[in-house]
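Since every read-out is calculated from the coordinates, none of them should be taken as a lab result. The structure displayed is predicted, hence computed values, not measured ones. Quick reminder, even Gly has a Cβ in these numbers, built from the backbone with ideal geometry, and neighbours come from all protein chains shown.
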Amino acid sequence: MATRSSAKVAAGTPAKSLNVGLVAVTAAYSVAAALSLSAGDVIQMVNVPKGATVVYLAVSGGSGDALVSVGDGVDDDRYIAAGTMASASTVVRTITLHASNTPYVYSVDDTIDLAVSTVSVGTITGGFNMTVVFSKD
C-alpha cells in the first residue's frame with residue numbers, strides 16, 4: 001500500500017484557482033512495472049482548493065485488471081465507485097455533476113485520488129489520465 005502522486009500534486013504544486021469561475025486541470029500518472037499497483041494504493045491526481053466544487057470529472061487508463069474508485073481524502077469513492085479500469089484506449093468514465101446531485105464544497109485543500117481496492121493480476125502497468133473541472137463562488 002503506497003501513496004503516489006501525479007506531477008500536478010507533487011511537492012511544490014499548490015492547489016490553484018481563480019477566486020470565482022471554472023478551472024480545468026488535466027493530470028496523468030504512469031505506472032511503471034517496478035512500481036506496479038497493489039490493493040490499497042492511492043494515486044493523488046489533482047489538487048482541489050478550499051471552496052471548490054467539482055462539476056465535471058473524467059478518468060481513463062490502467063492496464064490489466066484493477067478495481068479503482070475516484071474520490072478524495074475524505075471519501076475514496078465520492079465521484080466514481082470502484083470499477084474496472086482496462087486499457088487507456090478503451091475506458092473513459094465521466095461524471096457530470098448538476099442540480100440533481102448534491103454538490104460537495106471542499107472546506108480545506110484536498111486532492112482528487114484514485115484508490116485501488118483490488119488487483120487481480122501480478123503486474124499492473126500503464127497509466128491513468130484525469131480531467132477535473134471545478135468551480136469557486
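Some observations on this one:
- Model label sites at Asp77 and Tyr56, defined 7 Å from Cα along the beta-carbon direction, differ in position by 2.6 nm.
- Multiplying the residue separation of Leu35 and Ala7 by 0.36 nm and subtracting their alpha-carbon distance yields 8.5 nm.
- Couplings for segment 24-32, taken from phi via the Karplus curve 6.51 cos²θ - 1.76 cosθ + 1.60 with θ = phi - 60°, read 10, 10, 10, 9, 10, 9, 9, 9, 7 Hz in order; Gly and Pro are left as x.
- Taking 0.36 nm per residue of separation and subtracting the current Cα-Cα distance, fully stretching the chain between Ala28 and Val133 would add 36.3 nm.
- Annotation: amide H of Val46 within the under-5 Å range of Ile112, sequence separation 5 or more or interchain, hydrogens built in the peptide plane.
- Full extension of the chain segment joining Val105 with Thr118 gains 1.8 nm, where the gain is 0.36 nm per residue of separation less the Cα-Cα distance.
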